[in-house]
Amino acid sequence: TIAGLTMTGTARAETVNVGLIAPFSGPFAVWGKQFKESVEAFQKANGKTVKGHTINVIYRDSGGINPAKSRQHAEELILREKVRFLTGFTMTPNALAVAEIINETKIPAVIMNAATGFIVRKSPYYVRASMTVAQYVKPTGLWAAREGKMKTAYIMVSDYAPGHDAEKYFEKGFIEGGGKIVGKDRMAISTTDFAPYMERASKSGAEAVYIFVPAGAPSTSAIKEFAKRGLKKKGVKLLAGGEVQEIFLPAIGDDVIGTISGVHYTETRDSEANKAFRKALTDTHGPNTVPDMASVGAWDGMKLIYAAVEKFGPKVTGDQAIGMYKGMKWESPRGPVMIDPNERDIVQNIYLRKVEKRDGKLVNIDFFTTKMAKDPWQLENPVKKK
């Protein structure tokens, strides 16, 4: 019978469910929004099917740093929605919360952001499509002292795990490059008054100030305070990372011009892959859509999921997907990338860029590349061979 024919063989179209857990409400909701916009753009550009099988993304709101809720969502997505992949994960605690369940069920978790080095060690079913904090911060410190010829630096970080990583690895890079740290501050994550910290930095006589704070209101305040305290006028260099992504520049204004940052994705990158990525975003969400770290992490996360379904079909197992990802290389909007076969972590270029005003618009312009950087924490803490 015709019904019999459609039910047999591999030709039958199936739906592959993908569960994406991220904050869509609360203080970090912009991450969920950027993930979702990027996923929708990816599916518009590449189609919602792979070899006839529909890729169906199911979104769940973690609401912020909420490991219990993330685990609950993961369990429900795996058991009830029968997802083949979990993805999303903005915050480290939320990503770590699913380790036990992905070990039990062998469902791969494609990390689109969570950026602590050791996450991938907690389960063989993690693969990271984003970056680690140390991966882009250490090259920033190294460049500042070595190529940038800055002899002294003052460090200001938010007092939470990624901030501690940033402080540690900027210091390591800067000292390795021959520089000296003359002062450090750890600040409450909710701080928006940076006056006392910038005052201390000014008095320290440092040639550079390095900041690591949440992007948005905190970073806008920090950069404005840097200019207001006269540090910019004195020729002190301001160094940063994700705080000065293009999406945040209009809110900061011209005070941000000249800020140097080190990060894995520059929005103005002149490559076919980046042009196609930006076009997909603007075609899907309008001409004012600006990509950021979250967007590129989501785009490449979807690439990994599509590639596994293309090779192994709709019943792809976690072991098949992870096995395929080890050593996988492709041209991302950010540049060439590879999944480290030992760590299941991303290896990528880190770009030093400067904020400039071009055609009346504030943008980041690359001027130095650290090629195919690995996570420094993983390099310092190699997996012990059994």
Q) Counting only protein heavy atoms, what percent of the accessible surface of the chain is carbon or sulfur at a 1.4 Å probe? A) 53
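So for I58, I155, I189, what's the accessible-area order with a 1.4 Å probe, most first?
Working: I58 25, I155 0, I189 70 Å².
These residues rank, largest area first, as I189, I58, I155.
Got the relative contact order for segment 13-120 handy, in percent, Cα pairs under 8 Å and 6 or more residues apart? It would help to have the intermediate numbers written out before the result.
Values: 181 pairs, mean separation 34.6, N = 108.
Taking the mean separation of contacting Cα pairs over the length of segment 13-120, I get 32 percent.
Rounded to the nearest whole Å³, what is the per residue volume of the convex hull around the Cα atoms of segment 157-270?
Numbers: hull volume 12.5 nm³, N = 114.
Normalising the Cα hull of segment 157-270 by residue number yields 109 Å³.
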Q: Hey, could you get me the Stokes-Einstein D for segment 286-386, Kirkwood radius over alpha-carbon pairs, 4 °C and 1.567 mPa s, rounded to whole µm² s⁻¹?
A: 80
Q.
If DNA, RNA and ligands are ignored and the probe is 1.4 Å, what is the ranking of E207, E272, E100 by accessible area, most exposed first?
A. E272, E100, E207
Q: State which entries of K44/K275; K51/K279; K168/K329; K122/K385 exceed 20 angstrom in Cα-Cα distance in the structure shown.
A: K51/K279; K168/K329
**Q.** Distance in nm between pseudo-label sites at F368 and D283 (7 Å out along the Cβ direction from Cα)
**A.** 3.7
Q | the chain: angle of helix 133-146 to the longest principal axis, Cα-based, in degrees nearest 10 | A | 30
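Please compute the Kirkwood hydrodynamic radius over segment 42-189, one decimal place, Å, based on all pairs of different Cα atoms. List each step's numbers first, then the result.
Numbers: mean 1/r = 0.0572 Å⁻¹.
Computed over Cα pairs of segment 42-189, the Kirkwood hydrodynamic radius comes out at 17.5 Å.
Are there GluC sites (Glu not before Pro) in segment 112-201 that DSSP marks as loop and that have at most 12 other Cβ atoms within 10 Å, and which are they? Please list the in-between numbers first.
Working: sites: E147, E167, E171, E176, E199; in loops: E147.
Answer in residue order: E147.
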**Q.** Solvent exposure, largest accessible area first (probe 1.4 Å, DNA, RNA and ligands not counted), of H164, H53
**A.** H164, H53
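Can you give the alpha-carbon Rg of segment 104-222 over 2.2 N^0.38 Å, where N counts its residues? Write down the numbers at each step before the final one.
Details: Rg = 16.3 Å, N = 119, 2.2 N^0.38 = 13.5 Å.
Its radius of gyration relative to the 2.2 N^0.38 Å reference: 1.21.
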Q.
With every atom except the alpha carbons ignored, what do you get for Rg and Dmax of the chain, in angstroms?
A. 21.4, 85
**Q.** Accessible area in square angstrom per residue, segment 339-386, 1.4 angstrom probe
**A.** 58
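Rounded, prolate or oblate: which one fits segment 122-185, using the alpha carbon gyration tensor with axes a ≥ b ≥ c (rounded when a/c is under 1.5, else prolate when a/b beats b/c, else oblate)?
On the way: a/c = 3.33, a/b = 1.76, b/c = 1.89.
Oblate shape, in that a/c is at least 1.5 and b/c is the bigger or equal ratio.
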Q | Amide H contacts of I189 (H built 1.01 Å from N, under 5 Å, at least 5 apart or other chain) | A | D159
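Taking 0.36 nm per intervening residue step and subtracting the Cα-Cα distance, what contour gain separates F312 from R358 on full extension?
On the way: separation 46, 0.36 × 46 = 16.56 nm, distance 4.60 nm.
So the extension gain works out to 12.0 nm.
Using r as the Cβ-Cβ distance of K233 and D61, and R0 as 51 Å, what FRET efficiency do you calculate, to the nearest 0.05?
Values: r = 44 Å, r/R0 = 0.87.
E(calc), rounded to 0.05, equals 0.70.
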Q: Evaluate the distance, in nm, between pseudo-label points positioned 7 Å from the Cα of E104 and of A45 along their respective Cα→Cβ axes.
A: 3.8
Q | Extension gain from D193 to D319, taking 0.36 nm per residue of separation minus the Cα-Cα distance | A | 40.5 nm
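The values are calculated or read from the model by the stated rules, or taken from the named source; none is laboratory data. Note that this is a predicted model, so its numbers are computed, not measured. Note that each Cβ is placed from the backbone with ideal geometry, even for glycine, and that neighbours are counted across all protein chains shown. Accessible surface areas use protein heavy atoms only, side chains included; no ligands, DNA or RNA. Shrake-Rupley method; radii C 1.70, N 1.55, O 1.52, S 1.80 Å.
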